[in-house]
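Contents: one structure, followed by commentary.
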Amino acid sequence: MSKRVVILGGGVIGLSCAFSCRLRGHRVTVLEKGRCGGQASGAAAGMLAPFSENTEGADDFFRLCLASLRLFPQWAEQIGRVSGQDFEYSQTGSLYAAFHDADVLAMESRLGWQRNYAGGARIVEGEMLRLVEPAISGKAVAALHNPEESHIYAPHYVKSLEQACRNAGVEIYENLEQADIEQWRQDVAVRSKNGSTFAGERLVICSGAWAQELERIFGLNIPVYPIRGQICAYSIPAGTVRHMVFGSQGYVVSKANGTLVCGASEDVSGFDDSVTDNGISRLRRWNKQLFPFLEERQPFHKWAGLRPATQDGYPLLGALRGFGHVVFAAGHYRNGILLSPVTGSIAADLIDGRLPAVPLDSFSPERFTN
Ligand code: FAD
Ligand code: GLY
């Protein structure tokens, strides 16, 4: 039966939950205190990289990320069709570079477990590495190649997702400055700063790095913190960098518009999302080590966003015990773009009272509360 769903937060997670719920026939309202995609989501590099972002082993978080990667082709097609807008979705594959022989040993053990999940993963070394990625530093000794990892252009993706929501009939209210939950135990009421009240039967919390503000309302520990990511872009000739390339200090992603996006710092700076000289200098030093041709270049664009980090690195994803009409979808830290389709699908399942296909035990929003 169709429900009135109120979604707090219009980042990629809020919009994905809105789109999925709307496709299931619910009446959906998104409340955003600023602009949709105006925070972490619009700042992202757009990598869909479960293997490169999870190097330790196949835990529940990796499996969630992988499930989402595999939903992306159909999800992207659906968003493109409903929005009538294109966004870049490039299946370039990735290379995770090593600069020391000792690092190749660790890479071999990573390949050992990743092979069980990744078709075509392999280690490329020496001449072969330079053949597949000609501009990479001569000091790189090997790289773990994962052909399945891909990337999207995040600002356009989020805009298309917002447009898809609007075209599908989601009501979106932006620039609310603040939206406060007034009632949630039975029916839901959220009040904006200008005095409007938005009522519903279901509530989805997608407030990213600001989720901790809700601790008092729900009586829960919600250890979600902002971790600033500073990032920059160079202008380069198309085709100079062929893959997404990761290293121990960061990553570079070549976009179809001729930019090379290079990220990103992980700063503890509260809600300060400014760009600093130190942060960008550090990125530049590392970028030159990976791609020496960048020595000659200056980034033409620098920006930053606040990732929603959690105490244990896992998102808060699930319905509250005893209050199944309240769903949390926050704290996606470094992987919110990648996790957007699976999060949307899980939120819609929970709103429908269905058991999601992905087990959620590890992601309970109440796991930090005694
Ligand atoms: P946000 O986009 O921050 O959205 C939360 C929204 O909630 C905000 O717009 C905020 O204004 C709103 N809000 C908060 N409180 C309220 C309230 N009370 N009322 C109304 N609205 C409210 N992820 C990847 O998967 N791949 C990448 O390559 C990648 N690269 C990144 C690079 C950088 C530099 C950064 C910073 C992040 C990157 N990420 C990446 C991470 C990704 O951007 C985040 O995980 C994702 O954007 C989180 O989405 P969100 O919707 O939860 O948060
Ligand atoms: N996932 C890349 C980043 O968060 O910087």
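Bear in mind that the values in this text are calculations on the coordinates, not laboratory data. Remember, predicted model here, so these are calculated numbers, not experimental data. Note: ideal-geometry Cβ built from the backbone for every residue, glycine included; neighbour counts use all protein chains shown.
Normalised Debye scattering of segment 228-319 at q = 0.11, 0.14, 0.23, 0.25 Å⁻¹ gives log10 I(q)/I(0) of -0.35, -0.54, -1.15, -1.29, counting only Cα atoms as equal scatterers and leaving out solvent.
Per the helix-only calculation at 222 nm, which mean residue ellipticity applies to the chain, given -39500 (n - 2.57) for every DSSP H run of n ≥ 4 and division by its residues, nearest 500 deg cm²/dmol?
-9000 deg cm²/dmol
The residue list Val190, Phe291, Val132 was ranked by how far each Cα lies along the charge dipole of the chain toward its positive end, using unit charges on Cβ atoms, and Val190 comes out on top. From the alpha carbon centroid of segment 230-301 to that of segment 4-32 is 33 Å.
Note down, for segment 89-169, the three equivalent ellipsoid semi-axes (square root of 5 times each alpha carbon gyration tensor eigenvalue), biggest first, whole angstrom. Spell out each step's value before the answer.
Details: eigenvalues 227, 48, 20 Å².
Its equivalent ellipsoid spans semi-axes of 34, 15, 10 Å.
Using only side-chain charges placed at the Cβ, +1 for Lys and Arg and -1 for Asp and Glu, the dipole size of the chain relative to its Cα centre rounds to 580 debye. Put simply, the convex hull of the Cα atoms in segment 90-242 casts, on average, a shadow of 14.5 nm². Where does helix 277-290 land angle-wise versus the long Cα axis of the chain, in degrees 0 to 90, nearest 10? Tilt relative to the chain: about 50 degrees. Each of Asn278 and Lys302 was given a label point 7 Å from its Cα along the Cα-to-Cβ line. The distance between the two points is 1.3 nm.
Among the listed pairs Lys3/Lys193; Lys255/Lys302; Lys33/Lys159; Lys139/Lys288; Lys159/Lys255, those whose Cα-Cα separation exceeds 21 Å are Lys3/Lys193. Farthest towards the positive end of the charge dipole of the chain, among the residues Ile280, Phe87, Phe328, is the Cα of Phe87, using unit charges on the Cβ of Lys, Arg, Asp and Glu. Among Leu355, Asn370, Val241, flag the residue with its Cα farthest along the positive direction of the charge dipole of segment 226-370, charges on Cβ as +1 for Lys/Arg and -1 for Asp/Glu. It is Val241.
Peptides 116-122, 291-297, ordered by how many other C-beta atoms sit within 10 Å of their residues on average, highest first, read 291-297, 116-122. Derived from the Cα gyration tensor, the three semi-axes of the equivalent ellipsoid of segment 31-113 are 31, 15, 14 Å, largest first. Per-residue packing, averaged as other Cβ atoms within 10 Å, sorts the ranges 184-195, 151-162 into the order 151-162, 184-195, beginning with the highest.
Determine how many Å³ per residue the convex hull of the Cα atoms of the chain encloses.
Working: hull volume 49.2 nm³, N = 370.
Convex hull of Cα atoms, per residue: 133 Å³.
Computed over segment 45-180, the percent of Cα pairs more than 20 Å apart is 57.
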